[in-house]
Amino acid sequence: MLSFDRQANVALIETKKSRTDFNKAFGNNFKFDQYQLCSDPNIKKVLKRDVDIEMNPDEYDWVILVGSDAVKYYTKINSVTEYSGKVLEKKFLPIINPSMLSFKPEIKKTWEDSRDAVIKYISGELEETIIKPEQAVGIQDTEEINEWLRTCISDRPTHVALDSETTGLYPRNGHIIGISLCYKDGYGIYVDTDCFNTRTEVLLQLLFNQTTVVFHNAKFDLSMFEYHFNFEFPQFEDTMLLHYLVNENPGTHGLKQLALKHTKYGDYEKPMYEWIDGYRKQNGILKNDFTWDSIPFDIMKTYAALDAVVTLDIFNQLKVVKENPKLKNVYDTILIPGTRFLMACQDNGVPFDRERLSKAQELMLLEIDKSAQELSNFEAVKKFEEINGKDFNPNSTVQLRSLLFDYLNLVPTGKKTGTGADSTDAEVLKELAEQSPVPRLILNLRQNSKIKNTYLDKIIPQLDRDSRLRTGFNLHGTTSGRLSSSGKLNMQQLPRDNSIIKGCIKASEGHKIVAMDLTTAEVYVAAVLAKDTALQDVFRSEGNFHSNIAKRVFRLPCEVDEVAELYSAKRQAAKAVTFGIMYGAGPAKISDQVTKDSGQSFSKQEAQEVIDEYFGEFFKLKAWITRNQNFIKKNGFIYSFFGRKRRLPNVTSTDRGIQGHSIRSGLNFLVQSAASDINLLGAIEMNDHLTKGRFKSRIFGLVHDSILAEVPFNEVDYYIEALRDYIQKDRGIMIAGAPIGCDFEVGDDYSMGKFDKQYGDYI
């Protein structure tokens, strides 16, 4: 480290010359030489070839790297955000560009914390942490680990951090090669599981029984430990879920990110990953083919032990979150029970029909070849290939744009990309299909290629022996609280316009697929939270919901069941407002939507009149919306009914578009989050009921507002009745006489008959 008797020699590097006064930004706390990666002001996007900086980092004690371009050029790091204010390679100090604050005010605290850290490093007040050998100990001896466990048990710690190192991401696809433990701040161990004996496992279970075990991503580690060792964990905490309560934004909850943000250990795993990169390069091993059992114990031990150390450190900082009663309620009643529930869902697995998958794969290949052949027969395509000297590639946006607008001379729709070019997305192609059959053909080609390449080709080799696919469901992947899906298959992104993948999710013999969907759930939630009795009365009414809304709003002189036929445009308008109110849909949006849905011209003025009439009827709903809008503007956050917190710092933005989006996001959160939690809580309780009652029905996924289960024939009626009771349970959001709507579908596969209609003759 730099001695205190002299001024640090500091360089600051930005991408290009900017107007930012970095002296002012750092409070004139130190002097520095300022450089730019690229001296050419005319270059918009600086590539490596454009870098012309003349500066030797070795001549400086510290080098401040402003923004991701500078960080990427001098290190192997691609993201500046997670490393902002941290030391890289002994002298580099990455930091986000303060100019970003003008359009991303939510990063203000990150900038301030990073700035303060940089100042402290340069002054010598803050030093890079040096890991002492005794802080991270590796154990490969049976008696040594048993003695450590006996000591730990006798010390009776309240919390023990536990982590596993595995050869796979799923219990059935790998095994545990080592475990990390920490119960004293700053001191951890890493143990090779090869040295475990029966006594070791007994001692571990005794420890788990008497203390609260702290995990980071408990769902993963619990699944591994329970599957491979049959360990039980009566009490556990999860630092990942605690952080989710602090920062609900996806992609911010990794252990490495939290270590950088909340602990003194920084990027402690970096040397190990450098070893891995070198090993892979030396042995020609692809990233996806590398397994952690290739890492020597002596390389692994320090960083694995620190995983547990860091986890306990983070927990001790984040446990204060539970002092907030709203967030504690979410953690205790939703997230922790939800962890157990999702473990069961994942273990149940998505039931696939292996034979259908193979036949579907063959069919898609034939369809792709057929479409490609048809496409090649068009004169415009032939001309394109002749002039350009290469085969037309429908996956190339540039080539597609040229074919459509230069060779076919189609009239652009007016929709543009972010760069100002004419769009060729799916929506545009559907419109262009009215001018030529080529766009429709390309749509089919794209769709079938995606189905084959993204789904069928990847699903089949990942099936377990029982033909089930065990993929991931996550509690922390969305800001609303809705579940996300990742891993072997993203269940939230199954094709909607094509039934082939859903049709391959097929119940085993003697079973049915039962899908439950909430109906108009978000509007239901809004009616309750707003205490709008008029809107609540609609839910109590018989007949079609949207027809009832239209009849009320427009005082239509007909019966509810006649509205759709006699006043279709008004019904569509009422429907558009109903679904748009939480998303801030204005007259322009309503106008476009009604015109599109009804096929009749519907002006902005007409749309505004509908909005006015709508809120004239449901005035309490309007007052509730206004009240929450004002709260969000004033506070920059909002709590959901069940206690989730949505932080909306962009409400302070001077950009009215950004501010408006934040306010709409907050309103949407209020209803979407509550509806999602009603579904999730119902599913959790239903799963507990099935387990305790030893029923054979198994929930295998939550997809959007659906709960999916594989149910034996003789349990279908009971399952539907029981699940309906749990979903419609009074949790504080209930309209008397009109519980929240549940639609059930029962079929042999998840497509509920659509697969047979579309592909029955071929598969």
Take the residues in the stretch 685-702 that are hydrophobic (A, V, I, L, M, F, W, C) and buried (at least 23 other Cβ atoms within 10 Å of the Cβ), then tell me which one is nearest to ALA526 (Cα to Cα). LEU702
Within the stretch 332-341, does at least one residue satisfy the condition of being outside the structural domain of TYR183 (by TED's automatic domain parsing), buried (at least 19 other Cβ atoms within 10 Å of the Cβ), part of a helix (DSSP H, G or I) and among the hydroxyl-bearing types (Ser, Thr, Tyr)? yes
For the stretch 346-371, what are the residues that are of a type in the set (A, V, I, L, M, F, W, C) and surrounded by fewer than 17 Cβ atoms within 10 Å (Cβ to Cβ)? LEU365, LEU366
Could you tell me whether any residue of the stretch 691-714 is out of contact with any strand residue (DSSP E or B) (no Cβ under 8 Å at 6 or more places or on another chain), under 30 Å from GLY510 (Cα atoms), in contact (Cβ under 8 Å) with a residue 24 or more places away in the chain and in a helix (DSSP H, G or I)? yes
Which of (1) modelled with pLDDT under 95; (2) under 16 Å from LYS91 (Cα atoms); (3) assigned by TED's automatic domain parsing to the domain that holds THR110 is the odd one out, the single condition PRO41 does not satisfy? (2)
Based on this model, can you work out whether GLU106 counts as assigned to a helix (DSSP H, G or I) and either within 26 Å of the chain's Cα centre (by Cα) or of a type in the set (A, V, I, L, M) (or both)? yes
For LYS622, only one of the following conditions fails: (1) at pLDDT below 95; (2) of a type outside the set (Val, Ile, Thr); (3) in the same structural domain as ARG731 (by TED's automatic domain parsing). What is its number? (3)
Search result, residues across the stretch 571-630 that are aromatic (Phe, Trp, Tyr) and surrounded by 20 or more Cβ atoms within 10 Å (Cβ to Cβ): PHE602, TYR614, PHE618
For VAL87, state whether it is within 18 Å of ILE119 (Cβ to Cβ), touching a Lys or Arg at 6+ places or on another chain (Cβ under 8 Å) and surrounded by 11 or more Cβ atoms within 10 Å (Cβ to Cβ). no
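For every residue, the table says whether it meets (1) in the same structural domain as SER376 (by TED's automatic domain parsing); (2) at pLDDT 95 or above.
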residue	(1), (2)
LEU441	yes, no
LYS450	no, no
TYR455	no, yes
SER467	no, yes
ARG470	no, yes
PHE473	no, yes
THR479	no, no
LEU483	no, yes
Applying the selection to the stretch 353-405, what residues are in contact (Cβ under 8 Å) with a residue 60 or more places away in the chain and more than 25 Å from LYS502 (Cβ to Cβ)? ALA372, GLU374, LEU375, PHE378
Pairs needed: first member in the stretch 744-758, under 21 Å from LEU518 (Cβ atoms) and not assigned by TED's automatic domain parsing to the domain that holds ARG724; second member anywhere, of a type in the set (D, E, K, R) and modelled with pLDDT under 95; C-beta distance under 9 Å; at least 6 residues apart or different chains. none
Cβ-Cβ distance below 7 Å, separation of 6 or more or different chains: which pairs start in the stretch 184-198 with a residue that is touching a residue at least 24 places away in the same chain (Cβ under 8 Å) and end on one that is hydroxyl-bearing (Ser, Thr, Tyr) and surrounded by fewer than 19 Cβ atoms within 10 Å (Cβ to Cβ)? CYS195/THR142; ASN197/THR142
Restricting attention to the stretch 653-669, and to residues there that are of a type in the set (Gly, Ala, Ser) and surrounded by fewer than 18 Cβ atoms within 10 Å (Cβ to Cβ), which single residue is farthest from THR578 (Cα to Cα)? GLY657
Note on the stretch 370-412: residues assigned to a helix (DSSP H, G or I) and either of a type in the set (Val, Ile, Thr) or in contact with a strand residue (DSSP E or B) (Cβ under 9 Å, 6 or more places away or on another chain) (or both) are VAL381, ILE387, THR397, VAL398, ARG401, LEU404, PHE405
Which is outside the structural domain of LYS645 (by TED's automatic domain parsing), touching a helix residue (DSSP H, G or I) at 6+ places or on another chain (Cβ under 9 Å) and among the basic types (Lys, Arg), of LYS261, LYS301? LYS261
Unmet criterion (only one of (1) within 20 Å of THR263 (Cβ to Cβ); (2) under 26 Å from the mean Cα position of the chain (by Cα)) for ASN173: (1)
In the stretch 444-458, what residues are surrounded by fewer than 19 Cβ atoms within 10 Å (Cβ to Cβ) and within 13 Å of LEU400 (Cβ to Cβ)? ARG446
Counting only residues that are within 40 Å of the chain's Cα centre (by Cα) and modelled with pLDDT of 85 or more, the stretch 553-574 contains a total of 3
From the options ASP163, ASP113, ASP141, residue that is modelled with pLDDT of 95 or more and surrounded by fewer than 21 Cβ atoms within 10 Å (Cβ to Cβ): ASP141
Take the conditions over 30 Å from HIS511 (Cβ atoms), of a type in the set (Ser, Thr, Tyr) and under 29 Å from the mean Cα position of the chain (by Cα) and apply them to TYR279. Does it pass? no
Kindly establish whether LEU566 is of a type in the set (A, V, I, L, M, F, W, C) and within 18 Å of VAL671 (Cα to Cα). no
Condition first: without any contact (Cβ under 8 Å) to a residue 60 or more places away in the chain, under 30 Å from ASN490 (Cβ atoms), outside any helix (DSSP H, G or I) and not small (Gly, Ala, Ser). Can you find one or more residues in the stretch 434-457 that meet it? no
Return the residue satisfying two criteria in turn: it lies in the stretch 721-739 and is β-branched (Val, Ile, Thr) and closer than 20 Å to GLY643 by Cβ, and of such residues it is surrounded by the fewest Cβ atoms within 10 Å (Cβ to Cβ). ILE733
Residue selected from the stretch 391-425 under the condition among the small types (Gly, Ala, Ser) and surrounded by 14 or more Cβ atoms within 10 Å (Cβ to Cβ), by the criterion farthest from GLN373 (Cα to Cα): SER423
Collect the residues in the stretch 68-82 that are out of contact with any helix residue (DSSP H, G or I) (no Cβ under 6 Å at 6 or more places or on another chain) and either crowded, with 21+ Cβ neighbours inside 10 Å or aliphatic (A, V, I, L, M) (or both), keeping them in residue-number order. ASP69, ALA70, VAL71
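The values are calculated or read from the model by the stated rules, or taken from the named source; none is laboratory data. As the structure is a computational prediction, the values presented were derived from the model and not from experiment. Positions of Cβ are generated from backbone atoms using ideal geometry, with glycine treated the same way; all protein chains shown enter the neighbour counts.
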